[in-house]
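The values are calculated or read from the model by the stated rules, or taken from the named source; none is laboratory data. Quick caveat: nothing in here was measured; it's all calculated off a predicted structure. Cβ placement follows ideal geometry from the backbone for every residue including glycine, while neighbour counts extend to all protein chains displayed.
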Amino acid sequence: MEDCIYDLAIEKFSRLQLNQLNEEKILRPFLLKWGSMGRVLGFNGVTAIRKKLKTIDKKITPLRKTDLLSTKLNRIEKQIIELFDEICNTKFRSKKGKRKRVGPTATSKTLHLTCPNLFVMWDTKIRSQIEVDDKKLTSDGIGYFKFLSKMKALAQKENKTIKKLQNKYKKSVTKILDQYNIYRFDDKK
C-alpha cells in the first residue's frame with residue numbers, strides 16, 4: 001500500500017509542471033500519508049511547500065531531468081544548498097497558530113518528489129547516523145549536500161549491486177539508497 005502511494009506520486013509528479021501542482025492529489029498523500037509528516041507539517045505545512053515550489057519553479061526545473069550518478073554535484077552545489085535551505089526555512093502556522101518551519105526531513109522528501117533521480121531522502125535517523133570526515137552533518141543545505149555527495153560515492157562503489165536491485169525492483173538509484181539507509185539504521189533489526 002505505501003509503495004503504491006510512493007510510486008503513484010512519483011509517476012504523477014514527473015508529468016507536472018511545478019506551477020500545476022495540486023496538493024490534494026499528490027503532495028498531501030506523499031508527505032502526510034506515505035512520508036509520515038502529518039504531525040510535523042499538517043495541512044498548512046503542505047500548503048506552504050506547494051506555494052514555495054511554485055516560487056522556485058525556475059530554479060528547480062532544470063534539475064528535474066538529472067540523476068545522481070551522471071550529475072557532477074560540485075557544479076550544482078550552490079543550487080542544491082540554496083534550494084534545500086529555501087524550502088527547509090519556509091515558515092507556516094500550525095492549526096493551533098504556532099509558528100513552524102518545514103524542516104530538513106520534509107525538505108528532502110519534497111526535493112526527492114520533484115527530482116526523484118537526483119535527491120535522496122534524509123530523515124532524522126539517517127541524519128544522526130551518517131558522518132562526513134568523522135563529523136556529524138548539519139541539518140541545513142550544506143549538510144544535505146555533503147550527505148548527497150556521500151550517497152553518490154556509495155552508489156558508485158556499489159554500482160553492480162545497485163544495478164541488480166534496480167532491475168529486480170524497478171526502483172531508482174536514489175530510492176534504493178533510501179531503502180538501504182532505512183534498513184542500515186533500523187533499531188528493530
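Residue by residue, here is whether (1) over 20 Å from Lys171 (Cα atoms); (2) not β-branched (Val, Ile, Thr) holds:
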{"position": "Asn22", "(1), (2)": "yes, yes"}
{"position": "Leu41", "(1), (2)": "yes, yes"}
{"position": "Lys54", "(1), (2)": "yes, yes"}
{"position": "Lys65", "(1), (2)": "no, yes"}
{"position": "Ser94", "(1), (2)": "yes, yes"}
{"position": "Val102", "(1), (2)": "yes, no"}
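Hey, does the range 109-117 have a residue that's farther than 22 Å from Leu177 by Cα and of a type in the set (A, V, I, L, M)?
No, the range 109-117 contains no residue that is farther than 22 Å from Leu177 by Cα and of a type in the set (A, V, I, L, M).
Tell me the helices (runs of 4 or more DSSP H) entirely within the range 139-189 that contain at least 3 residues that are closer than 25 Å to Gln79 by Cα.
The helices (runs of 4 or more DSSP H) meeting that bar are 141-157, 173-184.
In the range 93-143, which residues are polar (S, T, N, Q) and closer than 19 Å to Lys51 by Cα?
Across the range 93-143, the qualifying residues are Ser94, Thr105, Thr107, Ser108, Thr110, Thr114.
Residue-by-condition table, conditions (1) over 18 Å from Met37 (Cβ atoms); (2) in contact with a Phe, Trp or Tyr (Cβ under 8 Å, 6 or more places away or on another chain):
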site: Ile126; (1), (2): no, yes
site: Gln129; (1), (2): yes, yes
site: Lys157; (1), (2): yes, no
site: Lys168; (1), (2): yes, no
site: Ile176; (1), (2): yes, yes
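I want to confirm something. Restricting to the range 103-141 and keeping residues that are of a type in the set (A, V, I, L, M) and farther than 23 Å from Thr61 by Cβ, which single residue is farthest from the chain's Cα centre (by Cα)?
Val132
Which one of Leu154, Leu111, Leu148 is hydrophobic (A, V, I, L, M, F, W, C), under 27 Å from Asn44 (Cα atoms) and either modelled with pLDDT of 95 or more or touching a strand residue (DSSP E or B) at 6+ places or on another chain (Cβ under 6 Å) (or both)?
Within the list Leu154, Leu111, Leu148, the selection yields Leu111.
Could you say which residue among Lys59, Lys54, Lys65 is without any contact (Cβ under 8 Å) to a residue 12 or more places away in the chain, of a type outside the set (Ser, Thr, Tyr) and out of contact with any His (no Cβ under 7 Å at 6 or more places or on another chain)?
It is Lys65.
Which ranges mark the helices (runs of 4 or more DSSP H) fully within the range 37-93 that have 1 or more residues being surrounded by fewer than 16 Cβ atoms within 10 Å (Cβ to Cβ) and hydrophobic (A, V, I, L, M, F, W, C)?
In the range 37-93, 38-55 are the helices (runs of 4 or more DSSP H) which contain 1 or more residues that are surrounded by fewer than 16 Cβ atoms within 10 Å (Cβ to Cβ) and hydrophobic (A, V, I, L, M, F, W, C).
Quick check: anything in the range 124-137 surrounded by 12 or more Cβ atoms within 10 Å (Cβ to Cβ), in contact (Cβ under 8 Å) with a residue 60 or more places away in the chain and in a helix (DSSP H, G or I)?
The answer is yes; a qualifying residue exists.
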